[in-house]
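Working notes for the structure below.
The values are calculated or read from the model by the stated rules, or taken from the named source; none is laboratory data. The structure displayed is predicted, hence computed values, not measured ones. For neighbour counting, all protein chains shown are included, and Cβ atoms are generated from backbone atoms with ideal geometry for every residue, glycine included. Keep in mind that these areas ignore ligands, DNA and RNA; they rest on the heavy atoms of the full protein, side chains included. Shrake-Rupley method; radii C 1.70, N 1.55, O 1.52, S 1.80 Å.
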Amino acid sequence: MSNPFLKLGLKNILLLLPLIIINSCDQKNKSPNIVIIFTDDQGYGDLGCYGATKFETPNIDSMAKEGLLFTDFYVSQAVCSASRASLMTGSYAERVGVQGALSPWAVDGLNPKIQTISKLLKAHNYTTAIFGKWHLGHRKEYLPIQNGFDEYAGLICSNDMWPVGYDGEPIQSSKKSYYPTMSFWEGNRPIYDIKNFKDQSQLTTTITERAVDFINRNKTEPFFLYIPHPMPHQPIAVSDKFKGRSELGLYGDVIMEIDWSVGQILESLKLNQIDNNTLVIFTSDNGPWLNFGEWGGSAGPLREGKGTMWEGGARVPCIMRWPKTIKPNQTVENIASTIDIFPTIADIIGEKQFNHKIDGVSLMPLLQNTPGANPRNTLYYYLAENLIAIRKDNYKLVFPHTYRSYENITPGKNLHPGAYSKGRSGLELYDLKKDMSESKDVSNQFPEIVKELEQIAEEARFTLGDKLTSRVGTESYETLCGSKPTAIEFSHFGLKSSIELENKPHKKYSGENISALINGIGGSINYRDPSWQGFEGEDLIATIDLGKEQIINHIKARFLQDQVVWIFLPKIIQIEHSIDGINFELAYEFYPDNSFSYNQDIFEYSVALNNIKSRYVRVKGININECPDFHPGAGGASWVFADEIIIK
């Protein structure tokens with residue numbers, strides 16, 4: 001048989017050779033695709049390759065055989081939004097200012113100025129998408145499209161933040177629920193409602209279909225695909241194709257459907273011939289919600305679960321697969337964390353400059369199987385700005401604290417939660433190599449290790465703070481950003497006046513100072529802004545002395561409504577003026593509507609006085625005193641919040 005290349009001739013071969021070389025280099029040097037699959041409340045013991053029984057996870061187990069399985073992989077906090085903020089930024093949550101699980105009525109979110117994985121990769125010409133649960137702020141400036149993602153579809157909050165009971169039916173009660181209807185979002189807007197378990201049962205399938213479609217559409221250029229599944233967070237639901245498939249029941253069915261989803265994504269990468277150069281990371285946002293019983297997940301041999309920083313809450317499964325770089329069938333016992341994913345990706349694309357300080361380290365030496373590699377040997381265990389523990393190498397030092405516990409109490413079942421108990425720890429040391437269940441305190445045996453870890457804790461407290469010891473960190477978000485919210489400034493001639501309050505504001509919400517209502521600085525709709533003065537179960541009655549008689553044309557008073565945190569508008573607002581400070585003339589009276597409202601807003605009440613000459617101005621905001629019967633806190637003390645009285 002004749003050689004076809006001989007027919008081309010040497011001249012033509014030489015002409016084609018540069019194109020062949022260029023194409024080969026393009027394939028070799030193309031930046032890898034990045035896929036992060038992030039499940040919700042999936043425990044350390046909830047995968048076959050981590051010892052799960054009564055259900056199977058063949059696709060994820062296959063990932064482990066073809067890649068790298070971490071035995072000691074951690075989240076920064078065992079709670080939803082804080083954990084996600086750390087994943088996205090490579091920093092402890094104390095540094096980026098996100099704590100707990102943001103509610104649908106939260107007015108804040110992850111600061112859009114902070115660099116995230118999506119922004120990092122977007123700057124390197126990656127196409128970016130997120131399909132699943134965001135939970136880092138639901139107002140427009142915090143949504144994914146404004147924060148480095150080209151595409152977004154999914155939930156803005158946890159799937160239990162809806163006005164539906166554990167039985168799947170709308171809550172029927174004389175008390176109103178402040179959870180709005182849950183919606184499935186696309187881009188910056190909701191596109192349909194999720195009203196019941198049947199709707200929730202389609203979430204995993206919908207998210208998977210969108211992820212596969214994204215891969216098919218973007219196979220020729222580098223992409224970042226983030227898939228934060230809403231499941232298996234309670235309430236769990238599964239599509240018909242997996243219902244009844246597992247021996248465990250519904251929870252096992254849900255995990256098997258997530259495994260199916262992983263299989264669909266891996267298959268799509270292979271069909272599009274981009275599997276070899278795609279890094280796929282599978283992990284969870286925190287440990288399992290154990291008070292839901294066997295349908296709440298498993299921490300395996302680890303102690304406690306989500307909402308605690310015992311190993312069962314903080315240590316999660318993690319598998320990484322990247323055939324081009326990661327050798328198959330590896331198990332790594334090194335300490336690693338979600339905060340290390342950001343710097344690992346930065347290392348992969350060659351980025352060394354960041355707009356914020358990161359706490360993570362690159363895991364590339366582990367991914368490349370570098371002999372003796374140990375990128376991280378210490379870890380801080382924070383929860384809600386409390387430094388709970390420190391780990392160095394195999395030893396974990398736990399500091400005295402109280403915590404919610406799942407032990408010594410009967411868990412719930414059939415989608416209904418059980419109660420929590422309360423635990424109390426002392427200063428305790430555990431050798432996690434020998435005792436991953438944290439059952440044997442060895443602090444008395446190794447006082448020198450206790451001392452060493454206490455010194456590391458002091459470094460953490462100095463930098464990031466610690467509410468347990470009343471420390472404020474020099475680099476915490478609160479120190480660098482949180483104490484100086486954007487001011488709303490007002491100019492009026494009450495600024496140089498004196499003010500007398502009949503009732504003192506609550507010490508937690510006292511304004512910048514006693515003159516906060518006439519200092520020219522207003523608050524935002526965030527009731528935590530320092531400009532707000534809050535009155536619990538008492539009236540706001542403020543008398544302002546202008547110092548001498550003045551021509552007054554206009555008086556305005558600003559009040560906050562945020563019923564979900566028990567802040568109501570006054571039932572009566574009165575604005576009065578006086579020449580002698582004794583005899584006051586009523587200039588304005590209004591009765592605000594305090595019926596049920598989701599609305600979080602600032603309401604302004606004003607009166608035009610048409611050149612009235614007067615010296616004193618008095619504003620009254622008469623408190624409704626108790627939360628109304630429709631409110632979940634019915635009978636409890638209601639609040640009045642005001643931030644400025646503006647006199648023109």
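Ordered from highest to lowest accessible area with the whole protein assembly present and a 1.4 Å probe, 491, 524 read as 491, 524. Taking one quarter of the surface of the convex hull spanned by the alpha-carbon atoms of the range 156-270 gives a direction-averaged projected area of 8.4 nm². Our summary of shape: the Cα atoms of the range 293-379 have principal axis extents of 45, 34, 23 Å, ordered from largest down, in whole angstrom. Note on the chain: percent of Cα-Cα distances in each 20 Å bin, starting at 0 and stopping at the bin with the largest distance, equals 17, 44, 27, 10, 1, 0. Most simply put, the chain has about 75% antiparallel DSSP beta bridges, counting only bridges with both residues inside it. Modelled this way, with points 7 Å down the Cα-to-C-beta line, the labels at residue 448 and residue 419 are 4.7 nm from one another. If R0 is 41 Å, the Cβ-Cβ spacing of residue 549 and residue 593 corresponds to a FRET efficiency of close to 0.70.
Taking the longest Cα principal axis of the chain as reference, the axis of helix 250-271 is set at about 60 degrees.
With all protein chains kept in place, the per residue accessible area of the chain amounts to 43 square angstrom at a probe of 1.4 angstrom.
Between the helical axis of 447-464 and the longest alpha-carbon principal axis of the chain there is an angle of about 60 degrees.
Per-residue 3J(HN,Hα) values for the range 578-592, derived from phi via the Karplus relation 6.51 cos²θ - 1.76 cosθ + 1.60 with θ = phi - 60°, read 7, 8, 9, x, 10, 9, 10, 10, 6, 9, 7, 8, 8, 10, x Hz in sequence order (x marks Gly and Pro). When the accessible area of the range 52-101 is split by element with a 1.4 Å probe, what percent falls to carbon and sulfur? Here carbon and sulfur together make up 50 percent of the probe-accessible area. Of 171, 488, the residue with the largest accessible area leads and the full order is 171, 488 (1.4 Å probe). Backbone phi angles across the range 346-362, fed through the Karplus curve with coefficients 6.51, -1.76 and 1.60 (θ = phi - 60°), yield HN-Hα couplings of 4, 5, 4, 8, x, 8, 10, 10, 10, 8, 8, 6, 10, 9, x, 10, 6 Hz in residue order; Gly and Pro are listed as x. With Cα atoms as the point set, the radius of gyration and Dmax of the range 568-646 evaluate to 15.0, 46 Å. Peptides 378-390, 98-110, 433-445 ordered by packing proxy, namely the average of other Cβ atoms within 10 Å per residue, highest first: 378-390, 98-110, 433-445.
Close amide H pairs (under 5 Å, H built 1.01 Å from N) link residue 587 with 575, 576, 577, residues at least 5 positions away or on another chain. What the Cβ-Cβ distance of residue 195 and residue 437 gives, at R0 = 60 Å and to the nearest 0.05, is a FRET efficiency of 0.90.
Remark on the range 454-546: Rg and Dmax equal 17.3, 56 Å (Cα only). Over all pairs of different C-alpha atoms in the range 206-306, the reciprocal of the mean inverse distance, the Kirkwood hydrodynamic radius, equals 15.2 Å. Computed from backbone phi with θ = phi - 60° and the Karplus coefficients 6.51, -1.76 and 1.60, the 3J(HN,Hα) list for the range 223-229 is 9, 10, 10, 10, 10, x, 4 Hz; x is used for glycine and proline. Binning the C-alpha pair distances of the range 79-158 at 5 Å intervals from 0 yields a P(r) profile of 3, 17, 28, 28, 17, 5, 1 %, listed from the shortest bin outward. Take the convex hull of the alpha carbons in the range 570-614; its mean projected area over all directions comes to 4.1 nm². Over the range 406-503, what portion of Cα pair distances is larger than 23 Å, expressed as a whole percent? Across the range 406-503, Cα pairs with separations above 23 Å total 64 percent. Modelled spin-label separation between residue 410 and residue 528, with each label point placed 7 Å from Cα along the Cα-to-Cβ direction: 3.8 nm. Sorted from longest to shortest, the spans of the Cα atoms of the range 149-190 along the three principal axes equal 42, 17, 11 Å.
Within the straight-line cut-off of under 17 Å between alpha carbons, the aspartates and glutamates reachable from residue 413 are 41, 160, 167, 247, 253, 294, sequence neighbours fewer than 8 places apart in one chain being disregarded.
Using the charge dipole of the chain (Lys, Arg: +1 at Cβ; Asp, Glu: -1 at Cβ; taken about the Cα centre), state which of 463, 355, 33 has its Cα farthest towards the positive end. Farthest towards the positive end: 33.
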